[in-house]
Amino acid sequence: MDEDIQREPAEILLVEDSPTDARLILDAFKQAKLGSRVTVVENGVEAMTFLRRQGKYAKARRPDFVLLDLKLPLRSGFEVLAEIKVDADLQSIPVVVLTSSPRDVDVFKAYNLDANSYVTKPVEFEELLKAVAVIEDFWCSVVTLPPPPPL
């Protein structure tokens with residue numbers, strides 16, 4: 001990558017129903033200092049409303065990637081993931097599952113629904129900081145993210 005090219009800060013959608021976890025993840029992004037902009041929604045229905053830019057999210061920017069918890073109210077993370085990956089307008093958005101479940105069955109199901117990666121939330125804040133920094137660095141600095149589909 002050309003050293004002179006500056007990337008725009010990444011737009012990230014965090015789908016997390018725990019205010020405590022959301023706050024910790026946001027703090028971890030701030031400490032990583034890559035300048036990403038993170039929008040938090042608290043349930044699966046709101047996530048899909050945001051992604052489809054409906055209602056109060058009509059002017060929302062398309063996220064570069066989604067951080068998705070699995071245990072969500074109204075619509076589970078698995079349901080959200082499945083809906084994203086069958087929608088032609090959304091399916092190219094990378095989805096990183098970030099959840100407390102280390103269960104093999106959940107990992108297998110998430111990848112079968114085309115999750116781009118699966119990260120088990122560390123319990124300790126310092127470990128969470130490291131995990132979020134790695135996620136942000138990889139998805140915001142290393143990979144080339146897909147552009148939005150043509151109109």
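The values are calculated or read from the model by the stated rules, or taken from the named source; none is laboratory data. Small disclaimer: the values here were computed from a predicted structure and weren't measured. With ideal geometry, Cβ positions are generated from the backbone for all residues, glycine too; neighbour counts draw on all protein chains shown.
Considering only segment 18-26, I want to know if a residue exists there that is at pLDDT below 90, assigned to a loop (DSSP other than H, G, I, E, B) and of a type in the set (Ser, Thr, Tyr). No, because not a single residue in segment 18-26 is at pLDDT below 90, assigned to a loop (DSSP other than H, G, I, E, B) and of a type in the set (Ser, Thr, Tyr).
Among the residues of segment 35-58, which ones are of a type in the set (S, T, N, Q) and either in contact with a strand residue (DSSP E or B) (Cβ under 7 Å, 6 or more places away or on another chain) or surrounded by 22 or more Cβ atoms within 10 Å (Cβ to Cβ) (or both)? Ser36, Thr39, listed by residue number.
For (1) among the basic types (Lys, Arg); (2) farther than 22 Å from Pro19 by Cβ; (3) surrounded by 17 or more Cβ atoms within 10 Å (Cβ to Cβ), each residue gets a yes or a no:
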{"site": "Ser117", "(1), (2), (3)": "no, yes, no"}
{"site": "Pro122", "(1), (2), (3)": "no, no, no"}
{"site": "Leu128", "(1), (2), (3)": "no, no, yes"}
{"site": "Val134", "(1), (2), (3)": "no, yes, no"}
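Here Ile5 clears all of (1) surrounded by fewer than 18 Cβ atoms within 10 Å (Cβ to Cβ); (2) hydrophobic (A, V, I, L, M, F, W, C); (3) farther than 19 Å from Asp114 by Cβ; (4) at pLDDT 95 or above except the condition numbered (4).
Name the one entry in Leu81, Leu72 that is in contact with a Gly (Cβ under 7 Å, 6 or more places away or on another chain) and under 26 Å from Val123 (Cβ atoms).
Numbers: Leu81 fails: in contact with a Gly (Cβ under 7 Å, 6 or more places away or on another chain).
Going through Leu81, Leu72 in turn, the sole match is Leu72.
Hey, could you check segment 59-99 for residues that are in a loop (DSSP other than H, G, I, E, B) and free of Cβ contacts under 8 Å to residues at least 40 places away in the same chain and say which is surrounded by the most Cβ atoms within 10 Å (Cβ to Cβ)? It would help to see each step written out before you state the result.
Within segment 59-99, the subset in a loop (DSSP other than H, G, I, E, B) is 59-64, 69-76, 87-94.
With free of Cβ contacts under 8 Å to residues at least 40 places away in the same chain added as a condition, the list becomes 59-60, 74-76, 87, 90-91.
Values: Lys59: 6, Ala60: 17, Leu74: 14, Arg75: 17, Ser76: 15, Asp87: 14, Leu90: 19, Gln91: 14.
Only one residue fits best here, namely Leu90.
Residues that are within 16 Å of Glu136 (Cα to Cα), within 13 Å of the chain's Cα centre (by Cα) and not small (Gly, Ala, Ser) do not occur anywhere in segment 75-92. Among the residues of segment 83-99, which ones are hydroxyl-bearing (Ser, Thr, Tyr) and out of contact with any helix residue (DSSP H, G or I) (no Cβ under 8 Å at 6 or more places or on another chain)? Matches in segment 83-99: Ser92 only.
Apart from one condition, Asp106 fits all of (1) at pLDDT 95 or above; (2) exposed (fewer than 15 other Cβ atoms within 10 Å of the Cβ); (3) not in a loop (DSSP other than H, G, I, E, B); the exception is (2). For segment 109-141, which positions are modelled with pLDDT of 90 or more and part of a loop (DSSP other than H, G, I, E, B)? Scanning segment 109-141 gives Leu113, Asp114, Ala115, Asn116, Lys121.
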